[in-house]
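A short write-up of the structure that comes next.
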Amino acid sequence: MTHWTPRPAASPTPAARRARVIFAGIGLAVSALASPRAVPAQTESARTSFVVATGDEATVPIPTLLEGGSVANRDVADQLFARLGQLGPTLITSGDRAFEPLLARSWTRRDSVTLAFDLDPRATWHDGKPVTAEDVVFTFRRARDPAVSPGLANLLRRIVSVTAEGGRKVVFRYTEPYGEQLYDAVFHVAPLPAHLLASIPAESLAYAAYVQAPVGSGPYRWVRRVPGEFVELAANERFFLGAPAVRRVIFRKAVDGAARLNMLLAGEADATENIPAPPSNVARVSADKNLRVIPVPSPTLGYLLFNQRDSRDRNRPHPTLSDRDVRRAIGLALDRRLMVRAVLGNAGEVPYGPAPTTLWIRYGTPAAAPMNLREARRLLDSRGWTDHDGDGVREREGRPLTLSLIVPTSSPIRLQMAQMAQEQLRAVGVRLVLDQMDFRVYLERRDAGAFDVDFASTSLDPSPSGLGQGWSCQGLTNVARYCDPAVDSLIDAAIRTREGAGPAWHAVLRRIEDDAPAVFMYTLNYMYAVNRRFTNVRIRPESPWLGLREWTVGPQGARRPAGD
Amino acid sequence: MRRWLLRRALQSLVTLAVALVILFLLMHVLPGDPLSRVGEGRPLTLEQMQALRDRYGLDRPLVEQLWSFVVGLVHGDLGVSIEYARPVTGLVFERLPATLLLGGTVLLLNFTVGLWLGVRQAVRKDSPEDRWLTTLSLAGYATPSFWLGLVLAWLVGVHWRLLPPAGMRNPLLDAGGLAAVADVARHLVLPAITLSVVSIAGTMRYQRSAMLEALRFPYILTARAKGLTERQVLWHGWRNALFPVLTLFGLWLPILVSGSVFVESVFAWPGLGSLAAAAVGNRDYPLLMGAAILVAGMVILAGFLTDVAYALLDPRVRYS
Amino acid sequence: MAEDGALRAAWRTPRGRAGLGFLTFLCLLALLGPRLLPDPFRQFGIVELQSARPSAEHPFGTDQLSRDVLSRVVTGARVSLAVAAIAVALSATLGAAVGLVAGYLGGAVDAVLMRLVDGALAVPRLFLLMLVLAVPTRVPLLALILLIGATGWFGTSRMIRAEVLRLREETYVRAAEALGASRRRIIFRHLLVNTTGPLLVAATLGVGDVILLEAGLSFLGLGVQPPTPSWGGMIFDARPVLESAPWVGIFPGVMITLTVLATNLVGDALRDALDPRGA
């Protein structure tokens, strides 16, 4: 077979010349697309629209009845569906007074276990039909059914019955007197339209057409959802408390924090929830003239949880950490203020007891105990932990004071603080071994109790009764098996106190601090960013965009699209 | 021809069945409870967990689950996503157009730019142009697509603010028609370039060697000796190089789909790839399975169509 | 054997030399580097040295947890190369075994095996791995490597099978059959020996694929688990600081590109050397 060598072309063939023209054409087209003029100029409708960059997309904006209770779903649902009432500015969840009316115009207490709500006669669904007591009854019937929504049914377990009296009155009856009866009726569930949903059985709700275009009673109505991209809502003109000034709300999805920040800085979004770490990003946003940084209390609480049980055999107490003085000593050896300042800057605080910035009960509590190395050493010495062999680590009965700390790699805050804690504990002769792992694996280890110390972080509801989940003997999330009957009874007493429950909850926090089941490391403020043309902005900690209907839009500070 | 077609179609179905069984076994044999993270926001009691398990049918024997899985599949029901609480079929199909748009654009670029450059290289073999195009293609092939995407998104989208760094369209755009198309096109540029760099590099290399093979045949020498113009000679050679290209089409689909998982994640392109990546992050097995099944089906279909095209072009195939 | 000559021939081309040279340098770096460089896990000066620019003390700068990027890149090289080597060895072995058996034995065995391979090939490798790795429990590194290897042999088996089908008709094989040699002897003595060439090429090119795959999996959070450094994981971690500290993400990406480029150069050179027709 002859071997043919192609001859190189001598001069540009017609084909090559044509190719060059084609390439030039493509280049022109791309640069035309890239020019700023390709972006639509700011219209009036764009000015009164509000684009939020969110981390997830809302696929099921009726979390009341389906298990998809993600943050994105809640945000959209809070615009579509009005609740009976909402938390007041103090965020107090106990008692009958600290709430603001919404769907319910007023409420009266008939006796210690009965509340009657009067619905506002002006309230209507987006399709025009009025909101009636039957809607409330229907919604609570489904929500309290453990077969339909087990999580919600658990939260509403203290409601005995929800009945209608006439078209506009709803009566709630409870199992016993306790402080958060109004909160339970108002906070967890937003009424759904019975006339549209009663005919759909609960199991097929996920497949129903209603989910694709929900009809609600809130200040915004559903427009469309572009899958994977954004959800668009439009102002409800007939909203009974006044049509919102912000005419359109768009929840735009971008999974990672860096992408959301880029959208914000590029002018493609008007706001974002928490500006992601590192703290230099906050400086970048502050430098932008069009944006305003708003600190918002967050429900996040970070703490070093001591395992009360042996990590290898949960039936036996932990050999080292079941001793309260050892736990206290570790807490006293840590300079929490320094760590918070170093890692979180101004956005963090050291909490007293397990109370994040959103929990109203933290007001009036004393300051957290400062570092006290001398006391820490004294406590350890008094419990028999001394350093016999001079290796820098204390021992007792031949066992060294070595503890393993599990940290998920998903949290840079905790990773950094863990490192600092390790250094600080070395100074008092405690050896802390860091065990970093993927978040899912971390959760498994945590649930199995396979740790000495757990650098945990939780997000608490505005209701302090959530403390029972983690700190009561039977608490569902109490993985450390911490059990102090005094705490249990103090929590019960505080829950039952109907008005002025503050001091009762302070007693709970004090007792927990005394027992030292954990070292409460940080609570932080989220840094939200909102475009300056929105005024009268109030970001609510329990649901950030709930106050959107009261915002106003100023004329100045037009949003800059990409390319300017 | 018809008998061959039938035989080939049957073969495809068998392959699909095998793929489905493999996927099903994978999902059910692996350790870990798919429902383990459902109670993350609101803790559930044991009874409530059991109710959820019954709802998803996780405690029934394996054979029974396989049977209901197949039955559901025939009816187009791929189960319900754990994270999104919606039917998987709906979720997957609503994301498909975006992936097809991106993949289609990249395939188009491959079959125009990639082919053209590969042929050009073959024709100008060992020239300086051939050399640096080869180096470029090797470098392009070696670049991780997600890294390239990140760099492009940051440089072009954020630093220089030339093109949007994420998403498929601007939600505030009110106009329809041409402006909407231009909007999507603007968002398409960066992800398409990222995915194309890697795939075109491969296509160029493949086409170059295929063209060189084709040009070696004696009939090419004959054609030149007969006095045909260079263009006509190359046209003969190219037609015969078409066959490997068809194979390429069948091969590139799985590669494009995999690449799209990264590229779509980086650019927040709302297609099947980013859905799969999100499902992985959420350990949402039904959704992941649904996506895998759809992709496997598409790959098998593409392979079948390629063979049909082959058979149409080359009669010898039909009789083998 | 042809392979020694192939390696030498590959060395002769400038591209092959560049590839082999880089790979040798990288192996040396991976072996010796960690002894000479600072600890990749150590966080220098938590607050002050976060995301510091490249300097004399930290030539590649530091990342958000103030770890030295150069050390992490070099340790990541160790991990990536080890993963790739073992996984590719497994894929090559499995692919050769199945290809040889299916190609030589033919018949029902061939049909069943090839249908299995077809079915497995229909699901993209990445999806298969995503499904398998998305379990809530911790996947040890060895399991990860074996899984990557176990999903990579399908294409190789088809290629080996095609080679075997061709070789079956060769005279010396026919002769051995006629002389009554056992099947096992034919497979090992004649067929395997003559397929090592293409196998080696496929393996070399496979290394590049595995490195890209492992990086991609780490990018999705599924691959090598932190705090063990891996190139893909480093790129993932660098996402929030791409604007303010680009060096954290740029260097790992460059390393991946160079390494895969080098393996492809070597693989190409080997293929050109083994193919008598040349390219």
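All of the numbers you see were taken from the coordinates with simple rules; none came from a lab. The shown structure was predicted, so the numbers you read here are calculated from the model rather than taken from an experiment. All Cβ positions, even for glycine, are placed from backbone atoms using ideal geometry, and neighbour counts span all protein chains on display.
Taking a ≥ b ≥ c as the square roots of the eigenvalues of the Cα gyration tensor, the range A:414-564 is oblate, since a/c reaches 1.5 or more and a/b is not larger than b/c.
Largest mean-square fluctuation among C:Val135, C:Val210, C:Val224, in a Gaussian network model of chain C whose springs join Cα atoms under 10 Å apart, belongs to C:Val135. Other protein chain C-beta atoms within 10 Å of residue C-beta, averaged over C:210-216: 4. The GluC sites (Glu not before Pro) found in the range A:367-461 that occupy coil by DSSP, while having at most 10 further C-beta atoms within 10 Å, are A:Glu397. Look at the stretch A:255-265: the mean tally of other chain Cβ atoms within 10 Å of its residues' Cβ atoms is 6. Under a Gaussian network description of chain C, with springs only between Cα atoms under 10 Å, the residue in C:Thr257, C:Thr171, C:Thr93 that fluctuates furthest is C:Thr171.
Mean separation of Cα pairs under 8 Å and 6 or more residues apart, divided by the residue count, gives chain A a relative contact order of 19 percent.
Among C:Leu205, C:Leu116, C:Leu265, whose mean-square fluctuation peaks in a Gaussian network model of chain C (Cα, cutoff 10 Å)? Judging by the Gaussian network model, the answer is C:Leu116. Here the sum of -39500 (n - 2.57) over DSSP H runs of 4 or more residues, divided by the residues of the protein assembly as shown, equals -16500 deg cm²/dmol at 222 nm, to the nearest 500.
By its C-alpha gyration tensor, with a ≥ b ≥ c as the square roots of the eigenvalues, how is the protein assembly as shown shaped: rounded for a/c under 1.5, else prolate for a/b larger than b/c, else oblate? Since a/c reaches 1.5 and a/b is larger than b/c, the shape of the protein assembly as shown is classed as prolate. Let me know the shape class of chain A, please: from the alpha-carbon gyration tensor, a ≥ b ≥ c as square roots of the eigenvalues, rounded when a/c is under 1.5, otherwise prolate if a/b is greater than b/c, or oblate. Taking the square roots of the gyration eigenvalues as a ≥ b ≥ c, chain A is oblate.
Annotation: cysteines of the protein assembly as shown without a disulfide-compatible partner (Cβ-Cβ under 4.7 angstrom) are C:Cys27. In terms of packing, defined here as the mean over residues of other Cβ atoms within 10 angstrom, the peptides A:522-532, B:129-139, B:224-234 line up highest first as A:522-532, B:129-139, B:224-234. For the peptides B:255-267, A:469-481, the ranking by mean Cβ contacts within 10 Å, running from highest to lowest, is B:255-267, A:469-481. Per-residue shielding of B:155-164, expressed as the average number of other chain Cβ atoms within 10 Å of the residue Cβ, stands at 6.
Within the same chain, aspartates and glutamates fewer than 8 places from A:Lys169 are excluded, and of the rest, those with a Cα less than 12 Å from its Cα are A:Asp118, A:Asp120, A:Glu134, A:Asp135. For B:Lys125, a cut-off of 14 angstrom between C-alpha atoms picks up these aspartates and glutamates, skipping any fewer than 8 places away in its own chain: B:Glu213.
Cross-link partners of A:Lys253 among lysines, defined as those whose alpha carbon lies under 28 angstrom from its own and excluding same-chain residues fewer than eight positions apart: A:Lys289.
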